[in-house]
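Structure first, commentary second.
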Amino acid sequence: MTEVKSEPGTPEAEKAAASFPWPIHEAVLDNGLRVVVSADPTTPIAAVNLWYDVGSRHERAGKHGFAHLFEHLMFEGSSHVAKGEHFEWVTAAGGAAINATTSPDRTNYFQVMPSSQLELALWLEADRMGSLALTQDTLDNQREVVKNERRQRYDNPPYGRWVEYALELTFPEGHPYHHTTIGSMDELQEAALEDFQDFNAVYYSPNNAVLTVAGDVDAEEVVRLAEKYFGGIQRHGDIPAAPDGTLPQIKIGETKRRVEPDDSVPRPMTFVMFRAPDSRHPDFTAVEVLATVLGRGRGARLYRKLVTEKNLAQREESYTSVWNLAYGASVFFGLFSPRDGVEAAEVEREFTAVLDALADGTDPVSEAELGRAKALLTSDWLRAVSELGGRADLLGQYATLERDPKIVREYLGRLEAVTAEDVQRAAALILPDDNRVVIEYVTSATPDAETDGDADAEDAQEADA
């Protein structure tokens, strides 16, 4: 029997709804599929988003890259849908925004349809969940596609591998965030078809998924259609836990540096990564504010110091941001590129001086900076929820990672509650030099680059670690 859960009409619930004023209806099918519906009759479309609780952090040793490869395989056809027809069916019905993404923590599939075509979208998603056409031919084909993607995104572009190098130094060997989602091409090539079939059976099961629908729909009708199309798909017994991402401490414990000589890059560039509290931690919102204060836009500290005041760095390349990983730790990162004729070491001194002054309280966050950061983050949030696709995605995020989609309503309240002291505490934890990984790209034209030019990547990493 389907379990259905609706929201109580309490004053507290009404107050929480101010930042997300649309209803949230939840149901759980007998096979474990969670269904989240948020009706909005103001527009005649519906966003359908299916989150699977599997990402690169779930991968075992020797099988890196499986989660991302499955993002491709899921478009290779199923029992009633030929290869490529998912796109054709959706676009022929007037749908759009058909895509999928993989992160360390999840994989999701989505499309936006005319609400009258909702049933088609649910049938398409259910058909590939229950009967994916996983054959040797489709596997071999998509392995080659992923190899090309790696070349285009990592191996060939300037600075393409920086995040790969940084994660290897930021997280220890064996940690689920030590590797990128693209994975290992050798391991993908060596894996047998049966390995991928097992992965599909375990992780692409209804009790490991959240179906989210937002738009001009009736919640009870969505649940009925979910029962119709997904209800006959068998659940998997026990979903294995991901490898443990627990760390003895947030901090890395030192500064790690890798110097990457590369004359193919257009100019020297330095990337800096820090470990930070994970996205489910109470302090994570303060970390987002910290990244905005330091490095977002022309009013941020790094831009003012490195570009406006001292004219040391390129305009577009002096910022900080945060990658909201959900289990054990997130990463806070920044980058800078010196202007022509300026040594990278000089820019790095000024860059770290800005970080240190905030971390040690010498130059604390002002109320003006705090207000500016909150305004920018609030604007981001409002843009996301104003679009049905973004709304459905956020509901899937909170339902999957937080286990409760209604937590979506708490974000603006948490953001408003962040104080300058909270940001200061986050800075003191994250920014000191015992929590840094530095990836420095140098060219033969970079001053002093020749001292590192003969060291290959492995030697540089071993020496710096």
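A Förster distance of 25 Å, applied to the separation of the beta-carbon atoms of residue 375 and residue 281, puts the FRET efficiency at 0.60. Stretching the chain fully between residue 60 and residue 363 yields a gain of 104.6 nm (0.36 nm per residue, less the alpha carbon separation). Using only Cα coordinates, the Kirkwood hydrodynamic radius of the stretch 360-446 works out to 16.1 Å. Using only side-chain charges placed at the Cβ, +1 for Lys and Arg and -1 for Asp and Glu, the dipole size of the chain relative to its Cα centre rounds to 1260 debye.
The residues 75, 336, sorted by heavy-atom accessible surface at 1.4 Å with ligands and nucleic acids left out, run 75, 336 from largest to smallest. A convex hull fitted to the Cα coordinates of the chain yields 154 cubic angstrom per residue.
Spatial offset of the stretch 401-426 relative to the stretch 163-184 amounts to 27 Å, using the alpha carbon center of each. Extension gain, residue 186-residue 244: 0.36 nm per intervening residue step, less the Cα-Cα distance, totals 18.5 nm. Taking a ≥ b ≥ c as the square roots of the eigenvalues of the Cα gyration tensor, the stretch 34-110 is classed as oblate, since a/c reaches at least 1.5 and a/b does not exceed b/c. Ordered from highest to lowest accessible area with the whole protein assembly present and a 1.4 Å probe, 51, 22 read as 22, 51.
Quick one: grab the alpha carbon gyration tensor of the stretch 140-206, order the square roots of its eigenvalues as a ≥ b ≥ c, and give me rounded if a/c is under 1.5, else prolate or oblate depending on whether a/b is larger than b/c. Oblate.
At the residue level, residue 349 shows approximately 150 square angstrom of accessible surface with a 1.4 angstrom probe and all protein chains present. Based on the alpha-carbon gyration tensor of the stretch 205-250 and its eigenvalue square roots a ≥ b ≥ c, which shape applies: rounded if a/c is under 1.5, prolate if not and a/b is larger than b/c, or oblate? The shape class here is oblate.
Give me the mean projected area, in nm² to one decimal, of the convex hull enclosing the Cα positions of the stretch 130-253. Numbers along the way, then the final one.
Details: hull surface 47.4 nm².
Dividing the Cα hull surface by four gives the mean projection, 11.9 nm².
Arrange the residues 63, 256 by how much accessible surface each exposes, largest first, with a 1.4 angstrom probe.
63, 256
Taking amide H as placed 1.01 Å from N in the peptide plane, residue 78 has its amide H under 5 Å from the amide H of 133, each at least 5 places away in sequence or on another chain.
On a 0 to 90° scale, report how tilted helix 367-386 is relative to the longest principal axis of the chain, with both axes built from alpha carbons and the result rounded to the nearest 10. Roughly 30 degrees, rounded to the nearest 10.
The values are calculated or read from the model by the stated rules, or taken from the named source; none is laboratory data. No experiment lies behind these values; they were computed from the predicted model shown. Note that we place each Cβ from the backbone using ideal geometry, even for glycine, and neighbour counts take in every protein chain shown. Accessible surface areas use protein heavy atoms only, side chains included; no ligands, DNA or RNA. Shrake-Rupley method; radii C 1.70, N 1.55, O 1.52, S 1.80 Å.
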